[in-house]
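A.B. asks: Below: one structure in structure tokens.
The values are calculated or read from the model by the stated rules, or taken from the named source; none is laboratory data. Since we're looking at a predicted model, the values are computed, not measured. Note that we place each Cβ from the backbone using ideal geometry, even for glycine, and neighbour counts take in every protein chain shown. For accessibility, only protein heavy atoms count, side chains too; no ligands or nucleic acids. Shrake-Rupley method; radii C 1.70, N 1.55, O 1.52, S 1.80 Å.
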Amino acid sequence: MVKILITGMSGTGKSTASEMLAARGHRAVDTDTDRWSRWETLPDGTADWVWQEPAISELLAGHREGALFVAGCKSNQGRFYPHFDHVVLLSAPAEIMLARIATRTNNPFGKRPEERAAILRDLADVEPLLRATCTMEIDTSVPIDEVVRRLEGLAGVVS
């Protein structure tokens, strides 16, 4: 019943790792969908893509066997840290992240110059906060198979 949060900045490989874990038979949930996340208007008028807390609570409380891998990076995810056995930060150098974002086809975010600038700001401002609260960091400049093997290892899976 291990629960692992896979977090990190855009382009670090959260969705790819989640897809590979699912392909290997694990329960893996990418929270960048309307089922798990929603837009919230902040007091300053800006929008934030946050977890739908009732849905995430139900997902975590309802998990009963095997490993659960939850992928995402949301401003309210810290509220759920006590429910995870591991909080894993995926990281990569900025040039690798931006190159991945430029060529990915499963997510349009990061294609526009202002989005790329926001990604670099988040890398400078948000990633250190994630690093300070994670239980493990994986540099995803290594092959994705190695990243997935390390994640499986946290779940007690030997591959």
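A.B. asks: Which of the residues spanning the stretch 37-49 are surrounded by fewer than 18 Cβ atoms within 10 Å (Cβ to Cβ) and within 16 Å of the chain's Cα centre (by Cα)?
C.D. replies: R38, D48, W49, listed by residue number.
A.B. asks: Report the residue count in the stretch 59-103 for those that are open to solvent by 30 Å² or more (accessible area, probe 1.4 Å), farther than 21 Å from E146 by Cβ and without any contact (Cβ under 8 Å) to a residue 60 or more places away in the chain.
C.D. replies: Matching residues across the stretch 59-103 total 7.
One line per residue, one yes/no per condition, for (1) modelled with pLDDT of 95 or more; (2) of a type in the set (S, T, Y); (3) within 17 Å of G66 (Cβ to Cβ):
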site: L5; (1), (2), (3): yes, no, yes
site: M9; (1), (2), (3): no, no, no
site: G13; (1), (2), (3): no, no, no
site: S18; (1), (2), (3): yes, yes, yes
site: L21; (1), (2), (3): yes, no, yes
site: G25; (1), (2), (3): no, no, yes
site: D32; (1), (2), (3): no, no, no
site: W36; (1), (2), (3): yes, no, no
site: T46; (1), (2), (3): no, yes, no
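A.B. asks: Let me confirm something: among T7, T12, T16, which residue is buried (at least 19 other Cβ atoms within 10 Å of the Cβ), part of a loop (DSSP other than H, G, I, E, B) and in contact with a helix residue (DSSP H, G or I) (Cβ under 7 Å, 6 or more places away or on another chain)?
C.D. replies: T12
A.B. asks: Go through the stretch 97-123 and report how many residues are part of a helix (DSSP H, G or I) and in contact with a helix residue (DSSP H, G or I) (Cβ under 9 Å, 6 or more places away or on another chain).
C.D. replies: The total comes to 10.
A.B. asks: Restricting to the stretch 125-153, name every residue that is closer than 19 Å to A28 by Cβ, open to solvent by less than 40 Å² (accessible area, probe 1.4 Å) and not in a loop (DSSP other than H, G, I, E, B).
C.D. replies: I138, V147, V148, L151, E152
A.B. asks: Mind checking which residues of the stretch 45-63 are in a helix (DSSP H, G or I) and either within 12 Å of Q77 (Cβ to Cβ) or not polar (S, T, N, Q) (or both)?
C.D. replies: Those that are in a helix (DSSP H, G or I) and either within 12 Å of Q77 (Cβ to Cβ) or not polar (S, T, N, Q) (or both): E53, P54, A55, I56, E58, L59, L60, A61, G62.
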